[in-house]
Amino acid sequence: MSKINFLKINRFVMILLFIFLNKQVFSEWINSSGKYYIDRNISISEACQNALVKSKNNALRKALGERITSQQLEVCTDNSQKNECELYRNTFNFLDGGLITDISDEKESIIEDFPQKYCLVSLRANIKKFQTKPDFNYTINVNLNNKSIINEGDEISISGEVNKNSYLTILGWYPDLNKDYYYKIYPNKYTNSISFKGSFIIPDIHKNKYKIFAQLPKDFKKKEAYEFWIVIASKIKLDILEKQKISELNKRLFELGRSNWEIRRLGYKIVRN
């Protein structure tokens with residue numbers, strides 16, 4: 001074998017090794033578990049949902065360290081349903097270093113631990129580490145133009161400001177309807193997706209001839225429900241389906257690069273009149 005051919009093969013092997021190591025560094029399957037105690041104030045189903053969220057957060061900590069960011073939601077600051085609100089707040093916990101893109105081998109068990117019992121959820125989580133850091137000079141501020149408790153039928157709007165040219169995407173998360181999907185709110189058939197910088201109001205009744213009203217899900221038996229708006233500012237246009245699976249959106253955000261987007265979350269509770 002000639003020296004030139006040997007060098008070509010050696011370089012090719014090094015490239016393959018680099019690609020393989022990059023995949024190992026930026027994507028990792030983590031075994032994790034989380035538990036939540038059951039008492040007279042929380043059902044088995046609610047305890048297991050909380051245990052699932054804890055298991056996911058524990059997986060993130062294992063892969064990325066303790067840099068966990070807790071999403072503060074005004075709707076949870078003064079609320080009688082603290083267990084349910086804690087579940088939603090913890091669902092929005094994230095780590096600046098990466099996110100979960102897939103879950104497998106999820107198992108739920110009820111464990112007796114006298115005098116109480118708890119729900120234990122074990123799983124494997126595929127965690128992808130962001131290959132770029134956040135742009136610390138890129139920020140968005142968003143506010144709900146309502147109180148955190150809204151009567152059914154009331155208008156809903158948000159306002160805010162973004163400091164760099166951005167495309168705005170707003171998604172609704174309705175956990176009582178479907179916990180695994182987001183639903184597109186903006187842009188919509190009344191508006192176009194444009195890049196802009198500065199302040200905004202959604203919906204802007206002076207520019208767009210539509211309004212958004214609070215409404216409980218059809219055939220919903222409870223008298224109240226939590227809803228959330230996920231507001232994403234991105235430097236690159238992000239096309240979203242009308243019904244977007246959350247895990248698929250996470251993968252797309254990963255591919256977009258952490259320095260190219262910022263995300264904020266707003267929550268409120270709808271109460272039936």
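Ordered by packing density, taken as the mean number of other Cβ atoms within 10 Å over each peptide's residues, highest first, how do 180-189, 134-143 rank?
180-189, 134-143
Just name one of ASN165, PHE213, TYR226: the one whose Cα is farthest towards the positive end of the charge dipole of region 140-271 (beta-carbon charges, Lys/Arg +1, Asp/Glu -1).
Result: ASN165, furthest along the dipole toward the positive end.
Along the Cα→Cβ direction, 7 angstrom out, place labels at ASN41 and PHE213. What is the inter-label distance in nm?
Each label point is offset 7 Å from its Cα along the Cβ direction, giving 3.7 nm.
Here is the link list: LYS35/LYS221; LYS133/LYS207; LYS147/LYS235; LYS221/LYS269; LYS189/LYS245. Which ones come out longer than 26 Å on Cα distance?
In this structure, LYS35/LYS221; LYS133/LYS207; LYS147/LYS235 exceed 26 Å between Cα atoms.
Return the long-range amide H neighbours of GLY172 (sequence gap of 5 or more, or a different chain), with a cut-off of under 5 Å between placed amide H atoms.
TYR183, LYS184, ILE185, ILE230
Evaluate E = 1/(1 + (r/R0)^6) for PHE220 and THR132, where r is the Cβ-Cβ distance and R0 equals 41 Å; express this FRET efficiency to the nearest 0.05.
Numbers: r = 41 Å, r/R0 = 1.01.
Result of the calculation: an efficiency of 0.50.
Report the FRET efficiency, 1/(1 + (r/R0)^6), for ARG252 and SER193, where r is their Cβ-Cβ distance and R0 is 22 Å, rounded to 0.05.
Efficiency, from the Cβ-Cβ distance: 0.90.
Coordinate-derived values only; no laboratory data. Keep in mind the model is a prediction, meaning the values are calculated, not measured. Every residue, glycine as well, gets a Cβ built from its backbone with ideal geometry; the counts of neighbours run over all protein chains shown.
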